[in-house]
Amino acid sequence: MNINFFFEVLIGGLLSGVMYALVAIGFVLIYKASGVFNFAQGAMVFFAALTCVGIMDKFGLSLWLAIPLTMLTMIVLGMAIERVVLRPLVNQPEITLFMATIGLTFFIEGLAQLMWGSQVHKLDLPIEDVPMPFLMEHFNIIISQFDVVAAGICALLVICLALLFSKTKVGRALRAVADDHQAALAVGIPLQRIWAVVWGVAGLVAMVAGLLWGARNGVQFALTFIALKALPVLILGGFTSVPGAIVGGLIIGASEKLAEVYLGPMVGGGIEGWFPYVLALLFLLVRPEGLFGEKIIRRI
């Protein structure tokens, strides 16, 4: 086995895994704060990417002006979703909230295409998709410069979120809300304000993920399926853990690439798309709560 090629595949998978983790973190933030599994996160990713290229095409603005406008749009969208759709459904059964986010998915997808059109767009970020010269010259490993920079951006955002939720008053309030809604209310923590902040941050996370995945794969409807790739990440890491989303993303990213290269030829190829779900299913049988999730003991 060519060890250089193995590391090339492994590193490429880990870099993709960081981007998967970013999408998964959007799910985790909302689930921790409100107990809602936001199925619309993939639609928000698509909406963000399409809004950015739509602003540039329709108004002739540069990327550096379109990004802040898109950021503002996504924060407002996230907070509006919480205020208009989910706040009236507080204390409803979880299945009701879940079905609401499914309906929200189709609404956001339709709204994005109504506003900006449904054609495929190209998004050019100032990051070249070329092999890293240092790795190529010294280790004969071909790793895309775009993947490295994109993973670095995702890692920086994750660090900022970690600091926000561990070192600030809002973060402490979020942790209290995640632990016990009623206790948080009893000590004067404004639940609705915390939920609005979390949905706004989820909109910001969706924007970064949308721009990076849109630049890599093109801004198209298929971006909504990125959310589906985040599901195995959440199963492995745990639905309530940001570190779990990161570790789960790395595992899924690396395993799908290695499986495609080394196991794919044995079964005819094409296993990269479904291998993460098989891995997640097997993991569910062993540890349903995920690597970092809280174990639930049920008494019969």
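The values are calculated or read from the model by the stated rules, or taken from the named source; none is laboratory data. Predicted model only: the values in this text are computed from it and were never measured. Quick reminder, even Gly has a Cβ in these numbers, built from the backbone with ideal geometry, and neighbours come from all protein chains shown. What goes into the accessible areas is simple: the full protein's heavy atoms, side chains included, and nothing from ligands, DNA or RNA. Shrake-Rupley method; radii C 1.70, N 1.55, O 1.52, S 1.80 Å.
Details
- Pairs of lysines in the chain whose Cα atoms sit within less than 29 Å of one another amount to 11, provided the residues are eight or more positions apart or on different chains.
- Given charges at Cβ of Lys, Arg, Asp, Glu: region 1-152 dipole, positive-most of Thr105, Asn4, Pro93: Pro93
- Against the rule of thumb 2.2 N^0.38 Å, how large the Cα Rg of region 1-72 comes out: 1.56
- Solvent-accessible area per residue in region 1-227 equals 47 Å², computed with a 1.4 angstrom probe and all protein chains kept.
- MRE, 222 nm, helices only [DSSP H, n ≥ 4, -39500 (n - 2.57), over the chain, to nearest 500]: -23500 deg cm²/dmol
- Whole-number D in µm²/s for region 94-140 (Stokes-Einstein; Kirkwood sum over Cα pairs; 37 °C, 0.692 mPa s): 220
- Rg and Dmax [Cα atoms of region 159-253; Å; Rg one decimal, Dmax integer]: 15.5, 48
- Signed unit charges on C-beta, dipole axis of the chain, positive-most listed residue Ala222, Gly264, Gly237: Gly237
- Dividing the convex hull volume of the alpha-carbon atoms in region 1-227 by its residue count gives 143 Å³ per residue.
- Order of exposure, largest accessible area first, which applies to Ser166, Ser118 with probe 1.4 Å: Ser118, Ser166
- Mean separation of Cα contacts under 8 Å, 6 or more apart, over the residue count of the chain: relative contact order %: 35
- With every protein chain in place, the chain: carbon and sulfur % of accessible area (1.4 Å): 68
- Applying 0.36 nm per residue to the separation of Arg287 and Val120 and subtracting their alpha-carbon distance, the gain on full extension is 56.1 nm.
- Taken as entire DSSP H runs, the helices of the chain that both span 20 Å or more between Cα atoms along their own long axis and average 0.0 or more on the Kyte-Doolittle scale are 3-34, 41-59, 63-80, 94-116, 145-167, 191-217, 242-258.
- Centre separation in Å (Cα based) which lies between region 12-71 and region 123-147: 24
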